[in-house]
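Input: a single structure, listed below in structure tokens.
The values are calculated or read from the model by the stated rules, or taken from the named source; none is laboratory data. Given the structure is predicted, the values throughout are model-derived calculations rather than measurements. Because the Cβ atoms are built from the backbone with ideal geometry, glycine has one as well, and the counts that use them run over all protein chains shown.
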Amino acid sequence: MARHLFDGTGTLMRFVLRRDRLRLPIWLLSFAAISAIIALAFVGLYQNAEERQAMAETMRNPAMTAMVGPGYGLDNYTVGAMTAHEMLLMTAVVVGLMSILLVTRHTRTDEEDGRIEMIRSLPVGRLSNLLSILLVLIGANIVLALLTAFSLTVLGIESMDFEGSLVYGSALGASGMIFAGVAAVCAQLSPNSRNTLGLSIAVLLFAYMIRAIGDVTNEALSWISPLNWILRSEAYVNNYWWPILMTVAGALLLMVLALYLNSIRDLGSGFLPSRPGKGKASKSLLSPFGLALRLQRTGLIAWGAGILLIGASYGSVLGDLESFFEDIDLMQQMIAQSAGFSLTEQFIPVLMAVMAILGTIPVLMAILKLKTEEKNGRLEHILSRAVSRNRLMGSYLAMAIVTGFIMLSLAALGLGLVGNAMMEEQLPLGMFYSAGLAYLPAMLAMIGVAMLLIGWAPNAASTVWLYLAFSFFVIYLGGLFQFPEWVAKLTPYGYVSEIPIEEMDFLNAGILIVVAAVLMMIGVIGFNRRDIGR
Amino acid sequence: MTVLRTIGLTKKFGDFAALNGVNIEVGEGEVYGFIGPNGSGKSTTLRILLGILKATEGRAEIFGKDSWKDAVEIHKRVAYVPGDVNLWPNLTGGEVIDLFIKLRGGGNLDRRQELIRKFDLDPTKKCRTYSKGNRQKVALIAALSSDVDLYILDEPTSGLDPLMERVFQEYVIEAKKQGKSILLSSHILSEVEKLCDKVAIIREGRIIETGTLKELRHLTGTILLVETREPIPALEGFKGVSGIQQKGQALSFQVDAGEVDQVIRYVSQFGVIRIESSPPTLEELFMRHYEGTGQAVESGAGGES
Ligand SMILES: Nc1ncnc2c1ncn2[C@@H]1O[C@H](COP(=O)(O)OP(=O)(O)OP(=O)(O)O)[C@@H](O)[C@H]1O
Ligand SMILES: [Mg+2]
């Protein structure tokens, strides 16, 4: 009997691989390539042990701990230790994201579009679809581990031996597996694919934040987060395997739980039953903007709470930062020395930049929702009524701008209020707020890019995420890698004034706004000229 | 007066021509049926008429205005029900109906209530939980509660049960009485036959037949059912005779309009016991167009993914 639950799994696995025959190799190869490139970059940037040791001192600072995880091997900061310590966490988060996206795509998205129903009507086991995608992801993450280990070993860097590389790669793979498990469970709990994605990413961000707070304040807290577990593998220094095994075990448990939940759930529903709603629409729903707002309300609240939390946790770090800087005043990277500002103040723009880029995620989601609506065949309803395309796109634009404004405000308030509570020397709240809102023009430019794509190349619209990832990479790591100035200028975030250490540069902000407006206008023109389809 | 017309409408998706010079014309107060096999271009035509797709060549006009450029103006007086109705899973049916009515620029609230009652829809349920027929009802109720001059309906009764189908037909007849125009694509030929004044048959993006049902029938000829004492020899080869079928003792076949006289003369030689004639049903007309040319089967390819 039970055997029949899994009939056809092999065939479905091949089918998953067939559908992702490009997507999957691209993901896996990029991880291997980026890991290798970064290790090489570290070799080039830090010529000798002294330079690396200086970096190690910087890494002792609590803000860095919050960002990349607790330091280890800092006394002998080899290139291997440096790569693992500074890159593992961020890469693991992105690997987790990959797993989440892939699992959601093959579970709830397929289910929502009715494809699973077709498959289930064939002589295929009830759990075969979920099992096949989970097996594919386990396999993919093993391949990821081996590829990364291989690509790091062949670099021939002295401190990067095969065992260390294998630990590093496996830590990434384990993180991929556990978040595949998380997404699989979320897919059973949520009523649709959008919520699955939202819930899984929320878990991922929560895992990151709780670890950040825990690492700085109370280590016990960090153990809730699987991201903390993999960091404990301490690749290239101690090469512990147990944290990796523990993570893989956790992943398998989650997967079994997901299969169980899947077996007791009805197709097309989650565990929360659908309650009856209003028979009549409230006034606020009755416009394209009202609809856009209503569709994204829950997401907006969730992201707002998340950003506020992130701001608050960075704020709580500011206090520690203050006392830390009192002991050591050696900051060479990340923060350029500039006279007249406390080091805490110099840190604020760095934190704001990270939060602004994170806050751009819901902003882009808001504008790209237009594309999702089109794909789901729902724009047809709107456009066949007395609504112009300008008004339609304008509503989503307004929604995106409002979202951006809210995100920046919450980030700045969280950082400022909690920061001031933690620090002995208070900073004006208005300064925090302007440091945050200074990023609004950059967000507008990102919206402009998204609109340009929606108007002219709707099928490529999601490439704007790549641009955001690139921006994050450049802004976040630019300081570490001492990238030349012009690299940062390739993203709109590179033109934002770093308040409070810089004056607000209204010219730059104005230029960003003009560029954004032009991009938006071109996007609207394209949207007005093309077919609305799937 | 012409309410809607297309002139040489052509639509290409890449290299594939979904429409190839389509001409249709709907007059005021007319119910116009639009039929054709799957993938023949019905929905594409309707979408162009609504300014959702842009024609590659040709013109599409409603109320004398260009359906692409003046879309918003036109839509104030048009109600549309799309081919597949996808709704927002987390809004209720009632909310969606209100939104649709409002976006057109208002409608009649009493009528909304009446339609919800007649179509037997629970407006407090989330769209996620609606069956296909219920989603269809949401779109229909929203369309029928607006006071417009033209209805464009893409397979409006797909998914409706026979009772609901009848409710829908009543509303169409009522709208027609009020002098409104309706363009209706459908696969249910008995429905088209019952409701429509004029019919266009489209195939592979070309209109292959259009006119009133009477004209189409006249073109096609008559169905004869004949029972004779002696068997009728060589009927297969007889000019103007097609679709011969044995029906019990009798033979049924179709006779082209101009050949009826000749055929009856020939048949009468064999001792007629019974003879019945009937106009062809739309279904017979339709089948003739697709079977007669012998390549009906391959034309159904395609469909969006
Ligand atoms: N966006 C698109 N891209 C490419 N081809 C398309 C697109 N939309 C429609 N087609 C093709 O155009 C043709 C006409 O499609 P259309 O939807 O108009 O058919 P239809 O007559 O409404 O069929 P049905 O009776 O099945 O609803 C089909 O062959 C379809 O594959
Ligand atoms: Mg159709």
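Points worth noting:
- Qualifying residue in the range B:45-67 (condition: within 16 Å of ligand 2 (Cβ to nearest atom), surrounded by 16 or more Cβ atoms within 10 Å (Cβ to Cβ), at positive phi and assigned to a loop (DSSP other than H, G, I, E, B)): no
- Considering the range B:143-156, the residues that are hydrophobic (A, V, I, L, M, F, W, C) and within 16 Å of ligand 2 (Cβ to nearest atom) include one that is surrounded by the most Cβ atoms within 10 Å (Cβ to Cβ), namely B:152.
- Note on the range B:142-151: residues that are at pLDDT below 95 and either within 12 Å of chain A (Cβ to nearest Cβ) or touching a Leu at 6+ places or on another chain (Cβ under 6 Å) (or both) total 6.
- Residue count for the range B:11-44 under the criterion of being within 13 Å of ligand 2 (Cβ to nearest atom), touching a helix residue (DSSP H, G or I) at 6+ places or on another chain (Cβ under 6 Å) and charged (D, E, K, R): the result is 0.
- Meets criteria (assigned by TED's automatic domain parsing to the domain that holds residue B:82 and within 16 Å of ligand 2 (Cβ to nearest atom)) for residue B:191: yes
- Failed criterion for residue A:498 (all others in (1) closer than 28 Å to residue A:392 by Cβ; (2) among the charged types (D, E, K, R); (3) surrounded by 17 or more Cβ atoms within 10 Å (Cβ to Cβ) hold): (1)
- Inspection of the range A:236-254 identifies no residue that is more than 27 Å from the chain's Cα centre (by Cα), closer than 30 Å to residue B:103 by Cα, surrounded by fewer than 19 Cβ atoms within 10 Å (Cβ to Cβ) and not assigned by TED's automatic domain parsing to the domain that holds residue A:387.
- Where residue A:89 falls short, out of the listed (1) buried (at least 21 other Cβ atoms within 10 Å of the Cβ); (2) touching a His at 6+ places or on another chain (Cβ under 7 Å): (2)
- Residue selected from the range B:35-45 under the condition out of contact with any Asp or Glu (no Cβ under 9 Å at 6 or more places or on another chain) and within 14 Å of chain A (Cβ to nearest Cβ), by the criterion nearest to ligand 1 (Cβ to nearest atom): B:44
- Selection from the range B:107-128 of residues that are at the interface with another protein chain (Cβ under 7 Å from one of its Cβ atoms) and either among the aromatic types (Phe, Trp, Tyr) or crowded, with 17+ Cβ neighbours inside 10 Å (or both): B:123, B:125, B:126, B:128
- Only one entry in B:31, B:78 is within 11 Å of chain A (Cβ to nearest Cβ) and surrounded by 17 or more Cβ atoms within 10 Å (Cβ to Cβ), namely B:78.
- Options B:32, B:80: the member that is under 25 Å from residue A:287 (Cα atoms), part of a strand (DSSP E or B) and either touching a residue at least 60 places away in the same chain (Cβ under 8 Å) or within 14 Å of ligand 1 (Cβ to nearest atom) (or both): B:80
- Subset of the range A:193-205 [out of contact with any Lys or Arg (no Cβ under 6 Å at 6 or more places or on another chain) and farther than 19 Å from residue A:87 by Cα]: A:194, A:195, A:197, A:198, A:199, A:200, A:201, A:202, A:203
- Residues of the range A:271-292 include at least one that is more than 11 Å from chain B (Cβ to nearest Cβ), in contact (Cβ under 8 Å) with a residue 12 or more places away in the chain and within 30 Å of residue A:6 (Cα to Cα).
- Conditions (1) under 30 Å from residue B:26 (Cβ atoms); (2) surrounded by 13 or more Cβ atoms within 10 Å (Cβ to Cβ); number of the one not met by residue B:242: (1)
- Residue-level check: of (1) within 29 Å of residue A:114 (Cβ to Cβ); (2) away from chain B (no Cβ under 14 Å); (3) without any contact (Cβ under 8 Å) to a residue 12 or more places away in the chain, residue A:305 misses just (1).
- Odd one out for residue B:87, checked against (1) free of Cβ contacts under 8 Å to residues at least 40 places away in the same chain; (2) buried (at least 18 other Cβ atoms within 10 Å of the Cβ): (1)
- None of A:108, A:126 is surrounded by fewer than 19 Cβ atoms within 10 Å (Cβ to Cβ) and either of a type outside the set (Phe, Trp, Tyr) or more than 20 Å from residue A:257 (Cα to Cα) (or both) except A:126.
- Residue in the range B:173-195 that is nearest to ligand 1 (Cβ to nearest atom), counting only those that are over 13 Å from the mean Cα position of the chain (by Cα) and buried (at least 17 other Cβ atoms within 10 Å of the Cβ): B:181
- Just one residue in the set B:261, B:256 is among the acidic types (Asp, Glu) and loosely packed, with under 11 Cβ neighbours inside 10 Å; that residue is B:261.
- Residues in the range B:92-106 that are crowded, with 23+ Cβ neighbours inside 10 Å and more than 7 Å from every other protein chain (Cβ to nearest Cβ) were compared, and the one that is modelled with the lowest pLDDT is B:101.
- Applying the set (1) surrounded by fewer than 17 Cβ atoms within 10 Å (Cβ to Cβ); (2) part of a loop (DSSP other than H, G, I, E, B); (3) at pLDDT below 90 to residue A:270 leaves exactly one unmet item: (1).
- Only listed residue being within 30 Å of residue B:17 (Cβ to Cβ), in contact with a Gly (Cβ under 6 Å, 6 or more places away or on another chain) and modelled with pLDDT of 85 or more, chosen from B:208, B:182, B:202, B:188: B:202
- Residue that is nearest to the other protein chains (Cβ to nearest Cβ), among those in the range B:157-186 that are closer than 18 Å to residue B:26 by Cα and within 16 Å of ligand 2 (Cβ to nearest atom): B:183
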